[in-house]
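The values are calculated or read from the model by the stated rules, or taken from the named source; none is laboratory data. Source: prediction; values computed, not measured. Every residue, glycine among them, receives a Cβ derived from its backbone with ideal geometry; neighbour counts consider all protein chains shown. These area figures cover heavy atoms from the full protein model, side chains too; ligands, DNA and RNA do not enter into them. Shrake-Rupley method; radii C 1.70, N 1.55, O 1.52, S 1.80 Å.
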Number of protein chains: 4
Amino acid sequence: MMDKLRFCLIGAGRAGMVHARNLAFNIKNADITAIVDSDSSVASERRQELGVADLFTDLDEALARDLFDAVVVVTPTFAHRDIVVKCAEAKKHVFCEKPMSIRPDEARDMIEAASKNRVKLQIGFMRRFDPPFLHARDVIESGELGEVMVIKSVGRGPGLPPPWTYNVSESNGLLGEVNSHDFDSTRWLAGGEYRRIYAEAVNRKVTKLKDQYPDFYDNVVCTVRFDNDIIGTIDGTCPADYGYDARTEIVLTGGLISIGEVRGQAYFSCDVKGVIKENAWKSWRNRFKDAYIDEMRSFINSVFEDKDTLVTGRDGLAAVQAVVTANKSLKSGAVEEVSS
Amino acid sequence: MMDKLRFCLIGAGRAGMVHARNLAFNIKNADITAIVDSDSSVASERRQELGVADLFTDLDEALARDLFDAVVVVTPTFAHRDIVVKCAEAKKHVFCEKPMSIRPDEARDMIEAASKNRVKLQIGFMRRFDPPFLHARDVIESGELGEVMVIKSVGRGPGLPPPWTYNVSESNGLLGEVNSHDFDSTRWLAGGEYRRIYAEAVNRKVTKLKDQYPDFYDNVVCTVRFDNDIIGTIDGTCPADYGYDARTEIVLTGGLISIGEVRGQAYFSCDVKGVIKENAWKSWRNRFKDAYIDEMRSFINSVFEDKDTLVTGRDGLAAVQAVVTANKSLKSGAVEEVSS
Amino acid sequence: MMDKLRFCLIGAGRAGMVHARNLAFNIKNADITAIVDSDSSVASERRQELGVADLFTDLDEALARDLFDAVVVVTPTFAHRDIVVKCAEAKKHVFCEKPMSIRPDEARDMIEAASKNRVKLQIGFMRRFDPPFLHARDVIESGELGEVMVIKSVGRGPGLPPPWTYNVSESNGLLGEVNSHDFDSTRWLAGGEYRRIYAEAVNRKVTKLKDQYPDFYDNVVCTVRFDNDIIGTIDGTCPADYGYDARTEIVLTGGLISIGEVRGQAYFSCDVKGVIKENAWKSWRNRFKDAYIDEMRSFINSVFEDKDTLVTGRDGLAAVQAVVTANKSLKSGAVEEVSS
Amino acid sequence: MMDKLRFCLIGAGRAGMVHARNLAFNIKNADITAIVDSDSSVASERRQELGVADLFTDLDEALARDLFDAVVVVTPTFAHRDIVVKCAEAKKHVFCEKPMSIRPDEARDMIEAASKNRVKLQIGFMRRFDPPFLHARDVIESGELGEVMVIKSVGRGPGLPPPWTYNVSESNGLLGEVNSHDFDSTRWLAGGEYRRIYAEAVNRKVTKLKDQYPDFYDNVVCTVRFDNDIIGTIDGTCPADYGYDARTEIVLTGGLISIGEVRGQAYFSCDVKGVIKENAWKSWRNRFKDAYIDEMRSFINSVFEDKDTLVTGRDGLAAVQAVVTANKSLKSGAVEEVSS
């Protein structure tokens, strides 16, 4: 039996490095043994930090050698399908960042490839490993607060997304890149499938993009309805300079559950004017620090024990379908049904 | 000059008594001098508590005598129009509880009657007198956090509403009786007029009403868009047994404003199991205790100083229009424009 | 039966005006009918605001006429004894602000005068009327969290106290003027009597007073032990520019109770740097706004229904004894027993 | 250069396993290669979990072989001195849990042995690696809130301490085993040395120990004064069944800093009765999870880069001196000076 799962990082950007550093410094039964990134200068710097021997600009070359057992795919979303299918066919286990894909058919190809090649496939919805979210789910399942009626989920984050996301019809925009998490965790907590969605959006901050990308938006609110008649709202703002803000509240027949808060750590100061100051969560890297480690440990465990992953391709697909439907609503100005 | 404004309470129910007790025990330049209520036994008990001399089951009789200068109208909504018009024509100043009316045309009649008879008309949107809401508005107007992009408002409360509200097409239901406040305060904070609304609703708690009142709902979420392109959500749950929950958050280009919290007072205990216990706000009577006094002081002041009221009939009308539009969306299953 | 209790305000300073405004504007079964203040110009301005007819610079003159049934004594502490004794002998009910007196013997004179003349005497420990404190006491008495072991009480406030307090051996200083409240509420929650006290103090802010008033301190921490073996700490800072900060925590055999927080209202904003801002309680006038009204209603009720007041002279005396003992400890540098 | 620092765990109890698991599963440039524990059955089970090859009941045997470069000492406090001196003489770097020792002279021996043998010595005051504490220290050092005047530190935890601690004159009891942390972090934040201490204590929960161990206490409050005239309080309760409670507040000339809260994670629920429920921190293992990893990374770094450790033997000694002085105060019933 292997005692360490060897990983190749595909995409050595900021998000990729979160996984890479966890694998290199925090998780002992894993190793990063290769990096694939089209930008060899960036990758080279990362190699130094991570202490990785092998560096590739071409995925095929990396797959041609027996250097790793699994891949972490953290490229732009539009590249997920081809990479994941290719890795699955090379019998590599796949951990793929969210959103799973731009279009539902791509996600279906990925699911099929993993299934046919008997490799594990996990999607990076790390909220499912966060103690407050897990606690909420436990309370819901216990039935002690009755049945879920309404779920509201907020996802806001700092930083302008990369240029390839500006054209929403090709990228799914903010709803895909940021609110995928909300679409997944809301569905996970609701225990049902999305039925219909209405969305309103506006570009209020990145106004310089208006001419070239008329469908770009930086604020969006959605009304959703599940097939089990749970209703809710999902809203997103990006860039939300004030911080990374992921909160969810659940109204049940017997009470309320609240997950998360704007405040980032148990600390405040107060000055002579009586102004209390605290810090908002700065980044998903801080807010979900442990969840990122735990989702990877869970994935490694699925491989070693040959069990299903806890976040499947089917989960990834459902979020893609919801995102696509919400964007369709923005285009049509009407309520849209989610195709199953 | 009068040194006390004499009031007649019209409708001596639970909400009416909040105003009546403030006038009788907490506000010194006002007196309750008459009560009009169709139920003479209830009114008689109230008279005892309030120390009021004159009791009527008929409004005309009360108006026939010179007993009061102003009225507080706290009857079921459908009765507002006729009462307010009649009082205005009798030259009484009118404080009218929310929602102003069921239909916009009723609200217009009320506005016209007050205007023609030169009496003051104020609608009971007491949130506009609550320090956190006022503070939020000050911050918005200061511009220090940039421009408003998104507003989300929650209104939930305990207690099944009265039977006359079950038929939503006649009463406007939960959106009218509870979320009028959210429609008003969101508009007040947004500084614009509602343009379009989409709503989803469900009856999940009062399921025994389903057969007789198929359009009754106890949970609702709305997506709204203003004519200044501010977008947002408004949601309501009633009965929400856990407490009275009124919170608003505002996303701006330069930050976030959060108003209100679920917790009801600065107190908690923690038992041997490590379970921390606090109490949710039990009622609007507690949460907005001072705002109820302050809105009434403001109304009295408007009369004594002959100034415009701070919450006008036009404000009441705008909320009615939004509520009617949201209910229309529920019926049509489509996004609806708000007629101006 | 009187339907309104007529009050004379003795001492029309800032604290006196809190009571006066409550009596004049917020409590309907009371009236302010006279003001006694040595500074006639200040009193004259107050008379205008309060709408009071009679103004005196001399207490005897005021007492000579039948203008009021009760007095609110809000003068410097050293004047309490003579005023209260004189008013009691004139058969006026007495509401006396805290601290009751500088020395225990003065407090005893006041208790005796009220008793002999059969008038009510209440000391202004308004915390006993604050819902969080009342809730805490209910939980303690219910026994659901076991027995009290430790109590910690903080009292900090903005603003330099008046010059007459600088000489601590004559005024009892910060411990008397500010922490009297903590000594009272801790004793009330502990259900026992102070046995011994050790205190440490320092002058760190008002250093300009060091030469003239070497025993002046603006920060103090005390260790206390009750005769029922409850132990605790009391600490004070004044001026504490950041706000008015009154918090208490109680450790029980079966849990913890926490009263109060630094934050002043349910509101926060967050700017682009992720700095969350809230406001500390600015003043005891805001933090205990309702408690000030409720203690006065309770006093009026005691008079009208001829019942004992809820905060007796004995309570006032116990706090004076504790304060005096803590100051004695500061002088001696040793632990001091509280004489009974 | 070594790429991994090899550790021997000395003392495989609950606290030892926190360090051992971090070294085995979370920190990649370290390995646990040996365990020394007098109880071979416990140690054997731990070996299984940690995947450690070598197991000893005798330290000398372990030191006789070249199995490790450093030791983590997590035995009862009274054994620290001999073990640390022996390991230092065997040229092993030493990470020693708090409290450093029972008596100051033991701590001095340990410091000298480390110094003479040129090995690193770090004491396990992990609060110094906790972001809220670090943030507080940064704010203090920045001077933006002025100078520190008062520091209050609370340390409470669940679970009866082991029997060897019952005899306080031999063990230092609760003040040593729990509040050592408070004595260290308060000194670290104050930037001064303890000058004098007064303590009050009581046994209120573990009353069955009263006869056999009359000086045992489970609740203690202390008043402290530093040589730079900062004053403060330190209090402890153990067992405090409700949870692990470590909070500190700092009053400065220009404001307030608050570190920590009772609540354990960003989550709450609220039931139909309006009771909001959250969880207190259950254990130091959760509250300071990352700080335990970070202190160990820092220690490893000190070894690899041959730098001073961030928590020195001198720091450990200062806390022992303060604890001993506080216990002396309990015995004498008087204020005690801290000998330097």
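Running a GNM on chain A with Cα contacts under 10 Å, which residue among A:L209, A:L23, A:L317 ends up with the highest mean-square fluctuation? Maximum fluctuation in the GNM of chain A, among the listed residues, is at A:L209. In order along the range D:127-143, the phi-based Karplus estimate (6.51 cos²θ - 1.76 cosθ + 1.60, θ = phi - 60°) of 3J(HN,Hα) comes to 4, 5, 10, 8, x, x, 5, 5, 4, 4, 5, 4, 5, 4, 5, 5, x Hz; Gly and Pro are listed as x.
Helix D:104-116 axis versus longest C-alpha principal axis of chain D: approximately 40°, rounded to the nearest ten. Mind checking which of D:I293, D:A280, D:S41 is farthest towards the positive end of chain D's charge dipole, using Cβ charges of +1 (Lys, Arg) and -1 (Asp, Glu) about the Cα centre? Among D:I293, D:A280, D:S41, the one farthest towards the positive end of the dipole of chain D is D:A280. Of all the options D:V224, D:V73, D:V139, the one that moves most in a Gaussian network model of chain D with Cα springs shorter than 10 angstrom is D:V139. With distances taken between every two different alpha-carbon atoms, the protein assembly as shown has a Kirkwood hydrodynamic radius of 34.6 Å. When the GluC sites (Glu not before Pro) in the range A:281-340 are filtered for DSSP coil states and for at most 10 other beta-carbon atoms within 10 Å of their beta-carbon, the remaining sites are A:E305. For chain A, relative contact order (Cα pairs under 8 Å, six or more residues apart, normalised by length) works out to 19 percent. Once you treat every alpha carbon in the range C:89-143 as an equal point and sum by Debye, what is log10 I(q)/I(0) at q = 0.13, 0.17 Å⁻¹? Computed log10 I(q)/I(0) values: -0.47, -0.68.
Annotation: amide H-H contacts under 5 Å for A:R204 (H modelled 1.01 Å from N, sequence separation of 5 or more, or interchain): A:D218, A:N219. Just report the Cα centroid separation between the range A:320-340 and the range D:286-325, whole Å. Result: 55 Å between the Cα centres. When +1 charges are put on Lys and Arg Cβ atoms and -1 charges on Asp and Glu Cβ atoms, the dipole computed for the range D:1-88 relative to its Cα centre reaches about 320 debye. Within the protein assembly as shown, DSSP assigns beta bridges of which about 60% are antiparallel (rounded to the nearest 5).
Rounded to the nearest Å, what's the spacing between the alpha carbon centres of the range A:66-127 and the range D:216-269? Just the number, please. First find each Cα centre; the distance between them is then 49 Å. To the nearest 10, the accessible area of B:C87 is 0 Å² with a 1.4 Å probe.
Copy-to-copy label distances for C:D211, where each label lies 7 Å from Cα along Cα-to-Cβ, are 6.6, 7.1, 9.2 nm in order of increasing length. Each Lys and Arg adds +1 at its Cβ and each Asp and Glu adds -1 at its Cβ; summed about the Cα centre, the protein assembly as shown shows a dipole of about 0 debye. Among the protein heavy atoms, those of D:H93 account for about 30 Å² of accessible surface (1.4 Å probe, every chain in place).
Can you tell me the relative contact order of the range B:129-210? Whole percent, Cα pairs under 8 Å, sequence separation 6 or more.
25
Sorting D:R47, C:R187 on solvent-accessible area from highest to lowest, probe radius 1.4 Å, gives D:R47, C:R187. Across the range B:252-267, coupling constants 3J(HN,Hα) worked out from phi with the 6.51/-1.76/1.60 Karplus curve, θ = phi - 60°, read 10, 4, x, x, 9, 10, 10, 10, x, 8, 5, 5, x, 7, 7, 7 Hz, and Gly and Pro carry x.
Suppose every K and R has +1 on its Cβ and every D and E has -1 on its Cβ; what is the size of the dipole of the range A:72-119 about the Cα centre, in Debye to the nearest 20?
180
Under a 5 Å amide H cut-off, with hydrogens placed 1.01 Å from N, B:V94 pairs with B:V71, B:K120, B:L121, B:Q122 among residues at least 5 apart or on other chains. Nearest 10 degrees is fine. How inclined is helix C:313-332 to the longest principal axis of chain C, computing both from alpha carbons? For helix C:313-332, the angle is close to 50 degrees.
Measuring nothing but alpha carbons in chain B and taking Rh as the Kirkwood radius, the Rg to Rh ratio lands at 0.97.
Listed values for the range D:154-171 are Karplus-derived 3J(HN,Hα) couplings in whole Hz (6.51 cos²θ - 1.76 cosθ + 1.60, θ = phi - 60°), namely 10, x, 9, x, x, x, 5, x, x, x, 5, 8, 4, 7, 5, 5, 9, 10, and x replaces Gly and Pro. Only protein atoms count toward the accessible area here, which uses a 1.4 Å probe; on the protein assembly as shown, the carbon and sulfur part of that area reaches 47 percent.
What ranking of C:R156, C:R46 comes out by heavy-atom accessible area, probe 1.4 Å, highest first?
Heavy-atom accessible area, descending, gives C:R46, C:R156.
Relative to the longest principal axis of the Cα atoms of chain A, the long axis of helix A:180-190 lies at roughly 70 degrees.
Ranked from largest to smallest solvent-accessible area, with a 1.4 Å probe on the protein heavy atoms, D:K28, D:K86, D:K282 come out as D:K282, D:K86, D:K28.
Springs join every pair of Cα atoms under 10 Å in this Gaussian network model of chain C, and among C:G13, C:G254, C:G157 the largest mean-square fluctuation is at C:G254. What lysines does A:K28 reach when the alpha-carbon gap must be under 22 Å and sequence neighbours fewer than 8 apart in one chain are set aside? Correct list for A:K28: A:K4, A:K92, A:K120, A:K289, A:K307, D:K4, D:K28, D:K289.
Taking both sides together, what accessible area is buried at the A/D interface, probe 1.4 Å, expressed in Å² and rounded to the nearest 100? Buried: approximately 2700 Å² between D and A. For C:E193, the residues whose amide H sits under 5 Å from its own are C:D227, C:N228, ignoring neighbours fewer than 5 places away on the same chain, with H placed 1.01 Å from N. The heavy atoms of C:L50 offer some 20 square angstrom of accessible surface to a 1.4 angstrom probe. Residue of chain B with the smallest Cβ distance to the axis mapping B onto D, distance rounded to whole Å: B:K277, 3.
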